[in-house]
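S.K.: For reference, the structure I am asking about is given below.
What follows draws every value from the coordinates through simple rules; no lab data is involved. Bear in mind that the values here come from a model prediction, so they are computed numbers and not experimental data. Here Cβ is always computed from backbone atoms with ideal geometry, including for glycine, and neighbour counts include all displayed protein chains.
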């Protein structure tokens, strides 16, 4: 293995690859050989590849800790993919006939990751999140897609608005720092502004079509189809404190807010009566503790009890 390739492979697993270096993976013979070998065996259409126009992707899965390489291939038109797994899983999608390169970064459970975009924008991803972004921004807007939790520190560019598109809302900024908590399957989503100004448009509700919500610093927008849009004042720096140490940290937050994030972090379901969950508040930081230990702490800090009611399913109730 030549030194340049060795360095690129090493940096891949250290999560320090530059976009150009990720593209160079396509030039390596062992990847192309694997692609050609698996091409005929690839299944038919894969919707996620078609819909997101994935050309290059990086997928991290921290739950896999075995040292091995796995190649996984999908077929759509002239698109193919190769997956390399070693301590993390990396998916590389290649499509001919296109000049645009799109990256997709995924985080696993109990995992956070940071990404620097071509314009200098810095993104911190929370657990179980997916960010789709281009190698280079073109056109009048800088657009990315998100499913999950992310904190954005956007590089200023008044002539090219930065737009984060999620399943339920679109957030537009010029240059600012903010958090989005919007997983595709969640009923409730959030946008939290730390600095600058953002404009939020709800994209999955025809009744709110065309309505724009402008947030000021330390404001949080919460939206659900059932409750609509709600704006509240918060301490945004503390609310998004997880971005600083790459670990979940809560400062006098409601149990409801905490449980939503614990579910994403541990990949388990935690059920609690909404009124109960909104009443109690907690302050703590999650390190490497198992979920049961966190729930035990909560139950000893308030008149609450918890029990496992199914596989990866907990129930929190008022202590009688």
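S.K.: Please figure out what share of the DSSP beta bridges in the range 247-318 is antiparallel and state it in percent, rounded to the nearest 5.
M.R.: 70
S.K.: At 0.36 nm per residue, minus the direct Cα-Cα distance, what do residue 225 and residue 201 gain on full extension? Give it in nm, one decimal, please. Don't jump to the answer; show the numbers that get you there.
M.R.: Numbers: separation 24, 0.36 × 24 = 8.64 nm, distance 1.36 nm.
Result for the pair: 7.3 nm of gain on full extension.
S.K.: Please state the shape class of the range 158-274: rounded when a/c is under 1.5, otherwise prolate if a/b exceeds b/c and oblate if not, all from the C-alpha gyration tensor. Before the final figure, lay out the partial values.
M.R.: Numbers: a/c = 1.81, a/b = 1.24, b/c = 1.45.
Since a/c reaches 1.5 but b/c is at least a/b, the shape of the range 158-274 is classed as oblate.
S.K.: Given 0.36 nm per residue, what is the gain on full extension from residue 269 to residue 296 after removing their alpha carbon distance, in nm?
M.R.: 8.2 nm
S.K.: If you take the square roots of the eigenvalues of the alpha-carbon gyration tensor of the range 247-318 and sort them as a ≥ b ≥ c, do you get rounded (a/c under 1.5), prolate (a/b over b/c) or oblate? Walk me through the intermediate numbers first.
M.R.: On the way: a/c = 1.41, a/b = 1.03, b/c = 1.37.
In terms of gyration-tensor shape, rounded.
S.K.: Arrange the following residues from fewest to most other Cβ atoms within 10 Å of their Cβ: 212, 163, 294.
M.R.: Result, fewest neighbours first: 212, 163, 294.
S.K.: Kindly rank 120-128, 199-207 from highest to lowest mean number of other beta carbons found within 10 Å of each residue.
M.R.: The most tightly packed comes first, giving 120-128, 199-207.
S.K.: Still on this structure, I have one more. Write down the Kirkwood hydrodynamic radius of the range 174-243, to one decimal in angstroms, obtained as one divided by the mean of 1/r over all alpha carbon pairs.
M.R.: Evaluated on the range 174-243, it is 12.5 Å.
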